[in-house]
Amino acid sequence: MLEIKIIKSNEKKPHPPSDALGFGQYFTDHMFLMTYDEGVGWHDPIIKKYEDMKFDPSACVFHYGQEMFEGLKAYRREDGGFNLFRPEMNARRTNNTNDRICLPRIPEEDFVQAIRELVSVDQDWIPDGPGTSLYIRPFIIATEPTLMVHPSRQYLFMIILSPVGAYYSEGLKPVKIFVEDEYVRAVKGGVGEAKTGGNYGASMRGQKRAKELGFAQVLWLDAIERKYVEEVGTSNIFFKINGEVITPNLSGSILPGITRDSSIQLMKSWGMKVTERMITIEEVWEAANNGTLEEVWGTGTAAVISAIGALSYKETLLEINDNKIGRTTQKLYDTMTGMQYGSIEDPFGWVIKG
Ligand SMILES: *Cc1c(COP(=O)(O)O)cnc(C)c1O
């Protein structure tokens with residue numbers, strides 16, 4: 001148990017209207033901080049006013065990118081309370097990321113406790129419009145003031161909160177995706193399976209080009225052969241081919257998504273065949289050409305499930321399911337969001353009341 005000191009802000013920011021939230025544009029009144037010093041460990045957890053901060057310009061994070069982040073949401077229930085969805089999975093993944101990039105571990109229960117207490121303090125910020133939620137962003141940065149290249153001896157663990165809008169204001173609309181065969185996101189042995197900012201820095205160039213060409217996101221291929229499907233933008237990807245659901249296995253360069261894991265478990269519980277294996281982009285095209293490609297979708301906390309209506313690869317455009325939302329895509333979305341908001345029963349014990 002952490003003994004979190006709480007200093008309430010005496011300023012209350014105005015709340016934006018719930019139909020104009022967007023994503024990550026507004027922040028609540030408070031934030032959580034906890035400091036780490038080598039030889040002392042994590043200490044002085046505090047919830048205080050959300051405000052600007054001061055850092056030494058030589059702080060490690062600015063130069064060598066030693067940082068990690070997480071993302072999850074608090075959902076407003078009908079009865080006014082809030083739900084969290086599998087927060088212990090974010091805690092576990094945090095420590096996997098931390099191990100990979102030499103950040104100090106945080107006890108899982110402390111991580112979840114800090115989230116619960118911060119969300120409780122700012123719970124009037126959880127929006128209640130349909131599809132809206134309070135996005136939770138835990139992150140750790142290396143703060144030791146030095147240009148020496150070594151794991152920092154000081155860190156800051158922080159949590160900030162942002163009320164976010166419905167990802168799909170006009171319902172689940174399929175998106176167009178650009179298959180990137182020049183730039184890559186991650187390579188086995190690298191940090192692709194860690195949730196660290198560097199992966200996003202590396203992905204900007206490809207994302208920018210895809211946007212310029214009129215696509216919503218990039219589908220990344222493996223870094224060695226540019227052949228195997230990895231993930232799409234900031235989501236994991238699923239294909240339904242001839243009744244079977246296929247998703248790339250966690251090979252080391254793919255982020256182990258919690259929505260991915262939940263989707264796999266849900267579909268298996270519905271008696272569907274789900275296979276985690278390597279899949280080439282050619283196989284996807286072949287399936288489309290012989291009429292067995294039924295659905296393609298992405299999974300991630302921000303959008304939950306996003307239908308993919310078209311893929312573009314080497315100048316050919318593939319339309320999927322007549323650019324309509326498939327049955328499994330829709331069922332996954334309805335079930336997962338239903339559980340998160342508390343309107344559908346959760347037989348897995350995933351939903352935690354705040
Ligand atoms: C966070 C993330 C995902 C999705 O993970 P969820 O736990 O489902 O939100 C997928 N890919 C990348 C690169 C990510 O950073």
(message) Taking the condition of being out of contact with any helix residue (DSSP H, G or I) (no Cβ under 7 Å at 6 or more places or on another chain) and in a loop (DSSP other than H, G, I, E, B), how many residues in the stretch 104-121 meet it?
(response) 1
(message) What's the total number of residues in the stretch 86-96 that are surrounded by 21 or more Cβ atoms within 10 Å (Cβ to Cβ) and either touching a Phe, Trp or Tyr at 6+ places or on another chain (Cβ under 6 Å) or hydroxyl-bearing (Ser, Thr, Tyr) (or both)?
(response) 2
(request) Kindly indicate whether any position in the stretch 220-227 is in contact (Cβ under 8 Å) with a residue 24 or more places away in the chain, of a type in the set (Gly, Ala, Ser) and away from the ligand (no atom under 15 Å from the Cβ). (result) no
(request) Please state which of the following conditions MET336 fails to meet, knowing it meets all the rest: (1) within 20 Å of the chain's Cα centre (by Cα); (2) touching a residue at least 12 places away in the same chain (Cβ under 8 Å); (3) farther than 24 Å from GLN113 by Cα. (result) (3)
(message) So for the stretch 108-127 (the condition being farther than 29 Å from TYR26 by Cα, surrounded by fewer than 22 Cβ atoms within 10 Å (Cβ to Cβ) and more than 16 Å from the ligand (Cβ to nearest atom)), does at least one residue qualify?
(response) no
(message) Can you pull out every residue in the stretch 284-316 that is in contact (Cβ under 8 Å) with a residue 40 or more places away in the chain and in a helix (DSSP H, G or I)?
(response) VAL284, ALA287
(message) Being surrounded by 14 or more Cβ atoms within 10 Å (Cβ to Cβ) and either farther than 21 Å from GLY214 by Cα or aromatic (Phe, Trp, Tyr) (or both) is the filter here; which residues of the stretch 306-331 pass it?
(response) TYR313, GLY326, THR328, THR329, GLN330, LYS331
(message) Filter the stretch 122-178 down to the residues that are assigned to a strand (DSSP E or B), touching a helix residue (DSSP H, G or I) at 6+ places or on another chain (Cβ under 9 Å) and over 29 Å from ASP37 (Cβ atoms) and list them by number.
(response) SER133, LEU134, PRO163, LYS176, ILE177, PHE178
(request) Scan the stretch 6-28 for residues that are among the β-branched types (Val, Ile, Thr) and under 21 Å from the mean Cα position of the chain (by Cα) and report the count. (result) 1
(request) Report, by residue number, each residue of the stretch 243-261 that is assigned to a loop (DSSP other than H, G, I, E, B), within 12 Å of the chain's Cα centre (by Cα) and free of Cβ contacts under 8 Å to residues at least 60 places away in the same chain. (result) GLY257
(request) Could you tell me which residue of the stretch 166-193 is farthest from CYS102 (Cα to Cα), considering only residues that are within 15 Å of the ligand (Cβ to nearest atom) and in contact with a Leu (Cβ under 8 Å, 6 or more places away or on another chain)? (result) ILE177
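Yes/no per residue for (1) surrounded by 21 or more Cβ atoms within 10 Å (Cβ to Cβ); (2) more than 25 Å from ALA186 (Cβ to Cβ); (3) hydroxyl-bearing (Ser, Thr, Tyr):
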{"site": "THR247", "(1), (2), (3)": "yes, no, yes"}
{"site": "SER251", "(1), (2), (3)": "no, no, yes"}
{"site": "MET272", "(1), (2), (3)": "no, yes, no"}
{"site": "THR280", "(1), (2), (3)": "no, no, yes"}
{"site": "VAL296", "(1), (2), (3)": "yes, no, no"}
{"site": "VAL304", "(1), (2), (3)": "yes, no, no"}
{"site": "TYR333", "(1), (2), (3)": "yes, yes, yes"}
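Against the condition within 16 Å of ALA142 (Cβ to Cβ) and surrounded by 14 or more Cβ atoms within 10 Å (Cβ to Cβ), how does GLY71 come out, does it pass?
no
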(request) Mind listing whichever residues of the stretch 251-265 are of a type outside the set (S, T, N, Q) and more than 11 Å from the ligand (Cβ to nearest atom)? (result) GLY252, ILE264
(message) Here are the criteria: (1) surrounded by fewer than 20 Cβ atoms within 10 Å (Cβ to Cβ); (2) aliphatic (A, V, I, L, M); (3) within 16 Å of the ligand (Cβ to nearest atom); (4) touching a residue at least 24 places away in the same chain (Cβ under 8 Å). Tell me which single one MET204 does not satisfy.
(response) (4)
(request) List the number of the failed condition for GLY214; all other conditions in (1) crowded, with 21+ Cβ neighbours inside 10 Å; (2) more than 30 Å from ALA91 (Cβ to Cβ) hold. (result) (1)
(request) Please enumerate the residues belonging to the stretch 173-196 that are farther than 14 Å from LYS314 by Cα and buried (at least 18 other Cβ atoms within 10 Å of the Cβ). (result) PRO174, VAL175, LYS176, VAL184, ARG185, ALA186, VAL191, GLY192, GLU193, ALA194, LYS195, THR196
(message) Given the options LYS268, LYS240, name the one that is more than 14 Å from the ligand (Cβ to nearest atom), surrounded by fewer than 20 Cβ atoms within 10 Å (Cβ to Cβ) and either at pLDDT 95 or above or within 22 Å of ASP181 (Cα to Cα) (or both).
(response) LYS268
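The values are calculated or read from the model by the stated rules, or taken from the named source; none is laboratory data. This one's a predicted model, so the numbers in the text were calculated from it and none came from an experiment. Don't worry about glycine lacking a Cβ; one is built from the backbone with ideal geometry, like all the others, and counts go over all protein chains shown.
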